[in-house]
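Notes follow the structure.
The values are calculated or read from the model by the stated rules, or taken from the named source; none is laboratory data. All values derive from a computational prediction rather than experimental measurement. Because the Cβ atoms are built from the backbone with ideal geometry, glycine has one as well, and the counts that use them run over all protein chains shown. When the accessible area is computed, the model is the full protein with side chains, heavy atoms only, and any ligands, DNA or RNA have been set aside. Shrake-Rupley method; radii C 1.70, N 1.55, O 1.52, S 1.80 Å.
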Amino acid sequence: VQPIAIDQSSGYHDAMAIGLMPVPRANQQAVALTRTSSIMVPETADLDITPALSIELWVSPAVLQDPTSFPIQNHGQYEISFDKDGLVTCSMGSKSATHQQPLALGVFTHVGCTYDGTTLKAYVGGDVVRCVAASGPIPTANTAGTAIRRRVLGALGDLHVYATAMGATGMCTR
């Protein structure tokens, strides 16, 4: 029997989950991740989102490693990643926006991305840290599902994916 991570949103996109350990984050629950941890949401058209999108989560990397780590990845469509130097990148299709300041190790940091069809924005700590001109729909061709925690060692919490481009007031650090 595969363990299941229950999606408490109205979409009910439960995920297959392996090797997760609960850890506190403020007054909420987060999960600690190891090399063998895995969270995978099966392919669903509900997560093939276009033309606008927002993603936000809290991440606390324990180790920065090569290759790139992906707290969330719907391959070829959208993702948030950080590299071995701790630089956060938001990607929508072939467009990306990278923040030039590294994440702190062992500290929960709020990161997010928005795309409104013309601009891709990266957020760290609730602030816009990078804007990139982009146009066109987000690709929806991937059929592999959405991976949460690809090569991330540390902890993740409070992940949200919205079918709208939130403004700065919506991309808060709750």
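Taking the criterion of being closer than 11 Å to LYS95 by Cβ and among the hydroxyl-bearing types (Ser, Thr, Tyr), the only residue of the range 119-130 that qualifies is THR119.
In the set (1) touching a strand residue (DSSP E or B) at 6+ places or on another chain (Cβ under 9 Å); (2) over 19 Å from ARG130 (Cβ atoms); (3) aliphatic (A, V, I, L, M), the condition left unmet by ILE55 is number (2). Looking only at residues of the range 80-95 that are in a strand (DSSP E or B) and either open to solvent by 30 Å² or more (accessible area, probe 1.4 Å) or aliphatic (A, V, I, L, M) (or both), we find that the one that is nearest to ALA133 (Cα to Cα) is LYS95. Taken over the range 32-44, the criterion of being touching a Ser or Thr at 6+ places or on another chain (Cβ under 8 Å) and among the hydrophobic types (A, V, I, L, M, F, W, C) is satisfied by MET40, VAL41. Filtering the range 112-151 to residues that are of a type in the set (Lys, Arg) and crowded, with 23+ Cβ neighbours inside 10 Å leaves LYS121, ARG149.
Taking the range 116-148 only, how many residues are outside any loop (DSSP other than H, G, I, E, B) and closer than 19 Å to PHE82 by Cβ? Final tally of qualifying residues: 14. Being farther than 21 Å from HIS13 by Cβ and at pLDDT 95 or above: is that true of PHE82 here? Considered against the rule, which asks whether it is farther than 21 Å from HIS13 by Cβ and at pLDDT 95 or above, PHE82 comes out as no. Pairs linking a residue in the range 137-149 that is in contact (Cβ under 8 Å) with a residue 24 or more places away in the chain and within 18 Å of SER94 (Cβ to Cβ) to a residue that is among the polar types (S, T, N, Q) and open to solvent by less than 10 Å² (accessible area, probe 1.4 Å), with Cβ atoms under 8 Å and 6 or more positions apart or on different chains, are ILE138/GLN77; PRO139/GLN77; THR140/GLN77; ALA141/GLN77; ASN142/ASN74; ASN142/GLN77. Of everything in the range 86-127 that is over 15 Å from the mean Cα position of the chain (by Cα) and charged (D, E, K, R), the residue that is nearest to ALA52 (Cα to Cα) is ASP116.
This table checks each residue for (1) within 30 Å of THR118 (Cα to Cα); (2) surrounded by 14 or more Cβ atoms within 10 Å (Cβ to Cβ); (3) at pLDDT 90 or above.
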{"site": "ALA5", "(1), (2), (3)": "no, yes, no"}
{"site": "GLY19", "(1), (2), (3)": "no, yes, no"}
{"site": "THR36", "(1), (2), (3)": "no, no, no"}
{"site": "LEU53", "(1), (2), (3)": "yes, yes, yes"}
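Every residue in the range 161-171 that is at pLDDT below 90 and within 15 Å of the chain's Cα centre (by Cα), please. Passing the criteria: only MET171.
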